[in-house]
1. Quick one: check the C-alpha center-to-center distance for the range 249-299 versus the range 354-373, whole angstrom.
2. At 20 °C and a viscosity of 1.002 mPa s, what translational diffusion coefficient does Stokes-Einstein give for the range 192-290, taking Rh as the Kirkwood radius over Cα pairs? Give it in µm²/s as a whole number.
3. Out of GLY62, GLY139, GLY121, any idea which swings most in a Gaussian network model of the chain, alpha carbons joined below 10 Å?
4. Give me the distance in nm between label points sitting 7 Å out from Cα along the Cα-to-Cβ direction at ALA33 and ALA290, one decimal.
5. Check each of the trypsin sites (Lys or Arg not before Pro) in the range 222-307 and keep only those in coil by DSSP with at most 14 other C-beta atoms within 10 angstrom; list them in order.
6. Counting heavy atoms of the protein chains only and a 1.4 Å probe, report the per residue accessible area for the range 103-234 as a whole number of Å².
7. What is the distance in Å between the Cα centroid of the range 102-134 and that of the range 138-215?
8. Multiply the residue separation of LYS160 and ASP343 by 0.36 nm, subtract the distance between their alpha-carbon atoms, and state the gained length in nm to one decimal.
Amino acid sequence: MASARVVVGAVAGAVLLPLLAVPAHAGSPTAPAVDLAGVRGVLRSALAQGAPGSMARIDDGGTVYRAAAGVADRGSGRAMGDADRFRIGSVTKTFTAVVLLQLVDEKKLSLDAPVNRYLPGLLPDDRITVRHVLGHRSGLYDYTNDMFAKTVPGFEAVRKKVFTPRELVKLSLGRPRTNAPGAAYSYSNTNFVVAGMLIEKLTGNPVRTEYENRIIQPLKLSDTFYVHPGTKIPGRHARGYLTPDQAGAPLVDATEQTVSWAQSAGALISSTRDLNTFLSALLGGRLTSAAQLAQMERWLPSSGSGQGYGLGLRRRDLSCGISVYGHTGAVQGFYTYAFASKDGKRALAAVANTSNNGTVLNTMLRTLDSAFCGKTVRAPRGKAPVERHEDMAPALTLD
Ligand code: REX
């Protein structure tokens, strides 16, 4: 077993603390070395662009790289620490998909069966399958588009609200569907609310119990919680600051909220360590059968070039040609990137404690290049990328 070496590269405000140790690369011998200085530079840029704080952790074989910048709490001025918990937003979708794929392994669910087989009458179209829902190809409208059209008033209107999943689905069904079942990728939180309803119907338990029994406890994710409809983040955590739409308006502390508007689409709380453990376990084949992991990794094109979506799992093709697998998250006050290499041996989780700030979001994306491409971020001209998985699944695009 590889010995664990810890590398701390903490940045408080713009002041660099000294590195305590310089790691040798501990992952696959062919993988580029982690560029921790690059990660720290990205975290500092996010601060300059309006994030109060930012942090990242890379787990590479037995080696841990940590970096943090700025503050976790603007009130007290407490520095961001890489162990601070935070809201992971849509990275929750990967947890939800794993639970459902485990249920497929247990023969309790069929990916190509209509959702209505398990939840009779829920959806207005019997052609919408479980697979369509998990791949954002159902055509179910994303009710959050309307909910958060005005960022701060939209948030304050739901901050303390408790929805039933059926109420959220009803909001979606009040709008036309975006595409015929299976015909196109169209990102929608509605899909993963439906996924949560499937979990509850098939197991007879709340999603919280299933996350705990199937993922949190087996992987010993001691920073990971589903507290819905509770509003607080347990233990030491970063506060999250929502950026208003009006330039120059003060940030809104959004830390406390039910996240009931997202539930199984985005309400989990976690840490960078736990997210790395989770993705390494998933991609390392330790959470589902190989067959179900392969289903999660049947990529179809999603929005934006160099990206694919499987089942609750995103693929991003980096500038050096390496592809990474995981999810992004955006809930009020927090942006998250959680991605791992194909074999799960290297994982990165990076967070900024602000949201509704596209500049910060784009900047934080660059932590992926530093973590997985090292200093070499461009594939040589004319050379094919080293790793690509554009595994079209024709059966999924029937309409
Ligand atoms: C909600 C609005 C965005 C946030 C959303 N979040 O759909 C889900 C998520 C749960 O994490 N999605 C990410 C708000 C992107 C993903 O799947 O990768 N924005 C904010 C507004 C805009 O209110 N008017 O930025 O905090």
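1. Taking the Cα centre of each part, the range 249-299 and the range 354-373 sit 17 Å apart.
2. Values: Rh = 15.2 Å.
So the translational diffusion coefficient is about 141 µm²/s.
3. GLY121
4. Going by the 7 Å Cα→Cβ label model, 3.4 nm.
5. Numbers: sites: LYS232, ARG236, ARG239, ARG273, ARG286, ARG298; in loops: LYS232, ARG236, ARG239, ARG286, ARG298.
Passing sites in the range 222-307 are LYS232, ARG236, ARG286.
6. On the way: 5800 Å² over 132 residues.
Spelled out: the 1.4 Å probe surface of the range 103-234, per residue, equals 44 Å².
7. So the separation of the two Cα centres works out to 15 Å.
8. Values: separation 183, 0.36 × 183 = 65.88 nm, distance 4.01 nm.
Value of the extension gain: 61.9 nm.
The values are calculated or read from the model by the stated rules, or taken from the named source; none is laboratory data. Small disclaimer: the values here were computed from a predicted structure and weren't measured. Note that each Cβ is placed from the backbone with ideal geometry, even for glycine, and that neighbours are counted across all protein chains shown. Accessible surface is based on the protein model in full, side chains and every heavy atom, while ligands, DNA and RNA are left aside. Shrake-Rupley method; radii C 1.70, N 1.55, O 1.52, S 1.80 Å.
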